[in-house]
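Reading through the structure tokens given below for one structure.
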Amino acid sequence: MPSKNFWILLPTALLLTAALSAQMAPTLTVAPIPTVKVKKGGSAVVSLKASLPAGYHANSNKPTEAYLIPLTLKWTGGPLRLETISYPKPTMEKYSFSEKPLSVVTGEFAIATTFKAPADAQSGPASQTGTLRYQACDNRACYPPKNVPVSVVVSVE
Amino acid sequence: MPGHIIVVTVKIFRIALLGFTAVALGSTIACSQLFTAFEQRTEKRPVKDDKDRKIAPEFELKDAGGKVVHLADYRGKVVVLDFWATWCGPCGIEIPWFVDFERKYKDRGFAVLGVSMDDDGWKAITPFVAEKKINYRVLLGDDKTGDQYGGVEALPTTFVIDRSGRIASVHVGLANKKDFEDAIEKLLDTPADSTAAHSGT
């Protein structure tokens, strides 16, 4: 049974967490990816679901300006062979710092990756790993690019 | 209703109420802080009073020619110290203002120092400087310098430094050209305080 102090400390901790999070640079969150089953020689699609806090945007995979850092997903290790990566459809948004609308992603979005399992792939579970790179801004400031490690358990059958 | 069911119901209600209250209060505080942050960014930034100014941290960074530059080299001048990056859209809005200020005030004891926070270094900076026709000194920044200035994360972040090497105003995010200009004019009209250079760190 929690003590009386617990009932005082819990809301205090929650309030502090909320207050602190409002002062930090935006963090893109990636939802855990369910285990993917794939047969040897077969294909599998991995959907990576990500989200940015309200009020922030990240450049899409094909930014409108050359100097902007694109959203990129790179798969670096694992038993599967990369076939294609489909980035989310960007929206064109106008910001106070841009003369022209920018190609961006906001809120929740998904990136679909199609993999192929080689015919000689080893059976059993293994990790497919990669990195999601993004660079976020709000309407008045931008934040340094960040790399988010991503991982999915694949089960080759 | 049996006693134990009432107890359990009360406990569940208590937890739900507590959770709801915490989330509601947390959201309110978070929203109000965000709102305040936006307000702070857009409000006029007056030049701080003399007594409230702190000495700008000393740094040692290199310019495009590899020459080591210290902030102390600029003591006696009004300095706009701009932390920026080539990938930062709002920085690109302010840079032409600084080009203008450099040209307009250079002969009155003024200088702009652009500290680039680009990870790719001069490979990214050099073509950008040429394209934007940047006429002021650009330095390659590092995390250490950013940390010295309060952990510069949001770009642009710009410090206006008086002739005595003290921070007179700070602008986080896209600012207003007139605010900068007003601060520069005011500081240029004020002689250096000979005692300030040695006070604080």
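The values are calculated or read from the model by the stated rules, or taken from the named source; none is laboratory data. Quick caveat, the model's predicted, so the values are computed rather than measured. Counting neighbours? That spans all protein chains shown, and the Cβs are built from the backbone with ideal geometry, glycine included. All accessible areas refer to the heavy atoms of the entire protein, side chains included, with ligands and DNA or RNA removed. Shrake-Rupley method; radii C 1.70, N 1.55, O 1.52, S 1.80 Å.
Scanning the stretch A:33-56 for residues that are buried (at least 16 other Cβ atoms within 10 Å of the Cβ) and either touching a residue at least 40 places away in the same chain (Cβ under 8 Å) or among the basic types (K, R) (or both) returns A:I33, A:V36, A:V38, A:A44, A:V46, A:L48, A:A50, A:S51, A:L52, A:Y56. Residues that are open to solvent by less than 60 Å² (accessible area, probe 1.4 Å) and over 11 Å from B:A56 (Cα atoms) within the stretch B:71-85 comprise B:Y74, B:G76, B:V78, B:V80, B:D82, B:F83, B:W84, B:A85, listed in sequence order. None of B:L188, B:L174, B:L140 is within 11 Å of chain A (Cβ to nearest Cβ) and either in contact (Cβ under 8 Å) with a residue 24 or more places away in the chain or touching a Phe, Trp or Tyr at 6+ places or on another chain (Cβ under 6 Å) (or both) except B:L174. Within the stretch B:42-55, the set of residues being away from chain A (no Cβ under 14 Å) and open to solvent by 60 Å² or more (accessible area, probe 1.4 Å) comprises B:K44, B:P46, B:K48, B:D49, B:D50, B:K51, B:D52, B:K54. Being over 24 Å from A:R140 (Cα atoms), crowded, with 22+ Cβ neighbours inside 10 Å, touching a residue at least 24 places away in the same chain (Cβ under 8 Å) and more than 13 Å from chain A (Cβ to nearest Cβ) is a description that does not apply to B:R103. Within the stretch B:88-100, take every residue that is open to solvent by less than 40 Å² (accessible area, probe 1.4 Å) and of a type in the set (V, I, T) and give me the one that is farthest from the other protein chains (Cβ to nearest Cβ). The qualifying residue farthest from the other protein chains (Cβ to nearest Cβ) is B:V99. In the condition set (1) open to solvent by less than 20 Å² (accessible area, probe 1.4 Å); (2) modelled with pLDDT under 95; (3) of a type in the set (A, V, I, L, M, F, W, C); (4) not in a loop (DSSP other than H, G, I, E, B), A:L20 is compliant with all but (1). Within the stretch B:56-87, if we keep just the residues that are within 14 Å of another protein chain (Cβ to nearest Cβ) and part of a loop (DSSP other than H, G, I, E, B), the residue that is nearest to B:K186 (Cα to Cα) turns out to be B:A85.
Residue by residue, here is whether (1) more than 25 Å from A:K37 (Cβ to Cβ); (2) more than 14 Å from every other protein chain (Cβ to nearest Cβ); (3) in contact with an Asp or Glu (Cβ under 7 Å, 6 or more places away or on another chain); (4) buried (at least 16 other Cβ atoms within 10 Å of the Cβ) holds:
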{"position": "A:Y87", "(1), (2), (3), (4)": "no, yes, no, yes"}
{"position": "A:P101", "(1), (2), (3), (4)": "yes, no, yes, no"}
{"position": "A:P145", "(1), (2), (3), (4)": "yes, no, no, yes"}
{"position": "A:V152", "(1), (2), (3), (4)": "no, yes, no, yes"}
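If you go through the stretch A:57-78 one residue at a time, do you hit one that is more than 14 Å from chain B (Cβ to nearest Cβ), loosely packed, with under 15 Cβ neighbours inside 10 Å and either over 30 Å from A:G41 (Cα atoms) or hydrophobic (A, V, I, L, M, F, W, C) (or both)? Checked against the condition, which is being more than 14 Å from chain B (Cβ to nearest Cβ), loosely packed, with under 15 Cβ neighbours inside 10 Å and either over 30 Å from A:G41 (Cα atoms) or hydrophobic (A, V, I, L, M, F, W, C) (or both), the stretch A:57-78 yields at least one hit. Considering only residues in the stretch B:56-70 that are open to solvent by less than 70 Å² (accessible area, probe 1.4 Å) and not hydrophobic (A, V, I, L, M, F, W, C), the one that is nearest to B:M117 (Cα to Cα) turns out to be B:D63. Working only within the stretch A:52-82, note down all residues that are in a strand (DSSP E or B), closer than 26 Å to A:E93 by Cα and among the aliphatic types (A, V, I, L, M). Residues satisfying the conditions are A:A58, A:L73.
Does A:T106 count as open to solvent by 30 Å² or more (accessible area, probe 1.4 Å), touching an Asp or Glu at 6+ places or on another chain (Cβ under 9 Å), away from chain B (no Cβ under 14 Å) and free of Cβ contacts under 8 Å to residues at least 60 places away in the same chain? Taking the combined requirement at face value, the residue satisfies it. The criterion of at least 1 residues that are more than 14 Å from the chain's Cα centre (by Cα) and more than 22 Å from B:I55 (Cβ to Cβ) is met, among helices (runs of 4 or more DSSP H) falling completely within the stretch B:88-201, by B:89-105, B:122-131, B:177-188. Just the residues that are of a type in the set (F, W, Y) and away from chain B (no Cβ under 11 Å), please, taken from the stretch A:123-143. The one that is of a type in the set (F, W, Y) and away from chain B (no Cβ under 11 Å): A:Y134.
Close Cβ contacts (under 7 Å, 6 or more residues apart or on different chains) running from residues in the stretch A:75-100 that are without any contact (Cβ under 8 Å) to a residue 40 or more places away in the chain to residues that are among the charged types (D, E, K, R) comprise A:R81/A:K116.
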